[in-house]
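Here the structure is laid out as structure tokens; the discussion comes afterwards.
Derivation of every value follows stated rules applied to the coordinates shown; laboratory data play no part. Keep in mind the model is a prediction, meaning the values are calculated, not measured. All Cβ positions, glycine included, derive from the backbone under ideal geometry; neighbour counts span all protein chains shown.
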């Protein structure tokens with residue numbers, strides 16, 4: 001083989017022609033909600049199509065999932081629209097759910113040849129959370145409502161929320177929030193316990209946190225749309241959908257079927273109830289089928 | 001001029017500021033065996049290597065077969081000249097046969113011609129083909145290696161042979177053996193041989209003429225008889241060292 | 001679940017990740033050899049370049065692998081695909097042993113052998129292919145052997161940036177706090193390194209036998 005064709009062959013090798021397993025490979029990131037969603041896709045698609053399913057969970061973050069998708073090591077995973085927009089597409093954040101979804105969908109198709117399917121039905125965004133009793137007593141429903149009573153409240157946050165410009169500083173500015181004292185910074189895992197024990201009155205968590213359902217907590221509405229949308233959407237390789245259109249049909253049937261409450265309950269079952277994610281998802285799907293939702 | 005197989009005309013060879021060879025003028029007659037005799041650092045090996053362009057001279061001319069050796073294609077020049085060195089330099093990964101067949105193979109001889117020639121030339125150096133052809137150099141003694149080196153140099157039947165102290169690393173008995181055999185051999189082959197040595201016995205035994213070198217210059221060219229009888233001050237040290245062996249030479253000549 | 005049972009139930013995944021790992025190592029080593037051996041030969045011809053080339057590859061090897069991955073991420077074209085980036089980094093790590101051993105192997109050819117070869121009229125190309133490379137081959141293979149073992153090891157870290165391979169098991173097992181998963185990555189990777197080493201040692205030995 002002469003030198004030039006040898007070099008061409010080497011360059012071709014670098015583009016990644018590795019034989020892939022047949023069937024469906026589903027990826028997920030490495031926290032509870034992602035594991036649950038991965039299981040959900042795996043079980044639902046496994047039942048709706050006859051394809052062998054491979055699970056490739058615990059991938060450490062959006063970049064790694066995205067790389068795995070591009071290289072064809074996984075065929076799909078669930079991403080959040082705001083994360084896709086800012087972290088992967090490197091676009092400036094914006095705040096309209098539909099606009100963000102469309103922008104993400106179009107750019108993913110253009111740049112990567114990947115399909116973004118409609119939201120599963122919930123978003124995983126930052127949530128400002130209060131004890132239910134307090135919220136009801138003070139008649140607080142939105143963050144604008146909170147501005148008036150903020151001086152009476154103590155806030156607890158994680159390190160990242162405090163530091164990020166689109167975290168605490170921007171939030172306080174947008175809503176004119178002036179708390180009694182500087183926010184108390186603590187480990188994410190301790191936030192809800194502090195709230196429960198009256199050490200703080202409001203914490204910055206995620207709106208799908210399992211404890212929100214379990215502890216009768218209330219999420220205050222982001223009525224001024226400070227936080228960008230983080231709708232949970234399946235992102236899928238186009239080649240897979242072309243080869244197996246039944247997968248597209250199944251994924252469309254899933255859209256809008258998972259509410260924030262559903263997600264909170266499943267998260268809690270795994271984190272708090274210590275159940276296996278696969279078991280939790282199986283029970284969820286059974287119930288949904290019984291109610292003829294799926 | 002065409003009687004000279006090799007000719008040096010006003011050749012100087014320098015490394016940096018130091019001249020290893022100064023203004024050398026020397027003619028090697030076709031068919032003769034010329035010994036380059038001298039002590040270490042006399043320039044004899046340098047002179048040899050200037051012939052086949054292992055070293056390139058910048059001043060003066062070196063003629064091979066009447067033509068300046070820089071006009072020759074270097075590869076063709078070297079294949080025209082057989083080369084045998086002190087350490088033999090046999091390729092360790094080649095058998096004896098492959099070593100000897102090297103230049104004929106490079107020159108594109110056909111297989112049967114190569115085989116025949118290898119057999120012939122191994123016979124000349126007294127190494128039976130059946131015994132030695134498939135052996136590797138590391139399985140040979142020093143003397144056997146030198147014989148293969150010589151066979152290799154002769155394989156393509158070059159008209160000129162350059163030999164750089166080929167027997168220098170051998171024990172005295174083996175050395176004497178090979179010297180005797182070479183003396184007999186050179187009568188059979190009509191080649192021009194330039195032979196570098198520091199051993200005066202070897203020079204007297206093998207040379208048609210002896211070129212004596214010292215400090216990069218040629219001090220004189222002598223036939224062996226002239227050499228022994230010379231009163232030249234550069235020759236004296238060699239004769240004094242040799243006096244005892246004179247009788248052996250007289251009785252054997 | 002016992003470890004052997006784990007391997008049986010996850011057979012497919014183990015094979016997939018092993019194949020990915022082999023591919024990362026294979027392509028990188030091919031590139032390292034394709035670049036490194038000619039560079040080593042060049043160094044034997046042009047000693048002036050020695051300190052530059054050996055110095056540069058030494059520096060590349062000194063950078064910690066995870067740091068190198070991080071440094072290469074922002075690079076256009078390369079950084080947009082993790083496996084491409086990983087292959088570049090792995091090749092960089094494999095270069096020094098290959099270049100250095102090629103150079104040392106060729107320089108180690110006996111001076112008399114080289115002198116005799118040139119004196120008899122071998123061209124530079126004939127000298128390279130018929131004398132220098134065959135005689136240097138076992139040293140060159142030794143360099144390739146070292147480089148391969150390094151590459152198998154560093155490739156496990158490539159999973160951290162999303163390039164796949166057996167490292168993915170290891171990182172996953174750490175996140176899940178599951179030893180079986182960790183070992184499912186660590187054991188095949190270790191076996192791969194050992195077998196590559198053994199195989200190339202055999203090649204090396206057979207070359208020594210015929211060439212010295």
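Hey, got the average number of other protein chain Cβ atoms within 10 angstrom for residues in B:73-83?
Going residue by residue through B:73-83 and averaging, the value is 3.
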>> Just want to confirm a number: the relative contact order over chain A, from Cα pairs under 8 angstrom separated by 6+ residues, in percent.
In response: 25 percent
>> At a 10 Å Cβ-Cβ cut-off, how would you order B:57, B:198, fewest neighbours first?
In response: B:198, B:57
> Mind checking the mean number of beta-carbon atoms from other chains within 10 Å of the Cβ atoms in B:101-111?
Replying inline: 2
> How much of the DSSP beta bridge set in the protein assembly as shown is antiparallel, as a percent to the nearest 5?
Replying inline: 55 percent
>> Please compute the modelled spin-label separation between residue C:124 and residue B:59, points set 7 Å along Cα→Cβ, answer in nm with one decimal.
In response: 2.9 nm
>> With 10 angstrom as the radius, rank B:120, B:165 by how many other C-beta atoms surround their C-beta, starting from the fewest.
In response: B:120, B:165
> Under 17 Å from the 7 Å Cα→Cβ point of residue A:279, by amide nitrogen: which residues of region C:1-39?
Replying inline: C:1
>> If you take every DSSP beta bridge fully contained in region B:119-253, what fraction is antiparallel? Give it as a percent rounded to 5.
In response: 50 percent
> What is the fewest-to-most order of A:136, C:125 by other Cβ atoms lying within 10 Å of their Cβ?
Replying inline: C:125, A:136
> For chain B, what does -39500 (n - 2.57) per DSSP helix run (n ≥ 4), summed and divided by total residues, give at 222 nm, in deg cm²/dmol to the nearest 500?
Replying inline: -11000 deg cm²/dmol
> Of C:112, C:74, C:97, which has the largest mean-square fluctuation in a 10 Å C-alpha GNM of chain C?
Replying inline: C:112
> What value, in deg cm²/dmol to 500, does the helix sum -39500 (n - 2.57) over DSSP H runs of n ≥ 4 give at 222 nm once divided by the residues of chain A?
Replying inline: -12500 deg cm²/dmol
>> Between residue B:236 and residue B:105, what is the label-point separation in nm under the 7 Å Cα-to-beta-carbon projection?
In response: 5.4 nm
> Rounded, prolate or oblate: which fits region B:121-174 when a ≥ b ≥ c are the square roots of the eigenvalues of the alpha-carbon gyration tensor, with rounded for a/c under 1.5 and prolate only if a/b beats b/c?
Replying inline: oblate
>> Can you give the FRET efficiency to the nearest 0.05 for residue A:137 and residue C:191, using r as the Cβ-Cβ distance and R₀ = 51 Å?
In response: 0.20
> What whole number of Å gives the distance from the Cα centroid of region A:158-235 to the Cα centroid of region C:23-72?
Replying inline: 50 Å
> Can you give the convex hull volume of the alpha carbon atoms of the protein assembly as shown per residue, in Å³?
Replying inline: 239 Å³
> For helix C:11-45, what angle does its Cα long axis make with the longest principal axis of chain C, in degrees from 0 to 90 and rounded to 10?
Replying inline: 20 degrees
> Mean residue ellipticity at 222 nm from the helices of chain C, using -39,500 (n - 2.57) per DSSP H segment of n ≥ 4 over the full residue count, to the nearest 500 deg cm²/dmol?
Replying inline: -27000 deg cm²/dmol
> In peptide C:27-39, what is the residue-averaged number of other protein chain Cβ atoms found within 10 Å of each Cβ?
Replying inline: 2
> What order, most packed first, do the peptides C:58-64, A:68-74 have when packing is the mean number of other Cβ atoms within 10 Å of each residue?
Replying inline: A:68-74, C:58-64
> Does anyone have the angle between helix C:82-107 and the longest principal axis of chain C? Alpha-carbon axes, 0 to 90°, nearest 10?
Replying inline: 30 degrees
>> Testing the spin-label approximation: label points 7 Å from Cα along Cα→Cβ at residue A:261 and residue A:239. State their distance in nm.
In response: 4.3 nm
> Once Rh is set to the Kirkwood radius over Cα pairs, what Stokes-Einstein translational diffusion coefficient, in µm²/s, holds for chain C at a temperature of 10 °C and a viscosity of 1.306 mPa s?
Replying inline: 85 µm²/s
> What FRET efficiency would be calculated for the residue pair residue A:149, residue C:179, taking the C-beta separation as r and a Förster radius of 41 Å, to the nearest 0.05?
Replying inline: 0.20
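Let me check against my output: what whole-number percent is the relative contact order of chain B, with C-alpha pairs under 8 Å and at least 6 apart?
RCO, chain B: 27 percent.
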> Going by alpha carbons, how many degrees (0 to 90, nearest 10) lie between the helix axis of A:260-271 and the longest principal axis of chain A?
Replying inline: 80 degrees
> Taking Cα pairs under 8 Å and at least six residues apart, what relative contact order does chain C come out at, in percent?
Replying inline: 27 percent
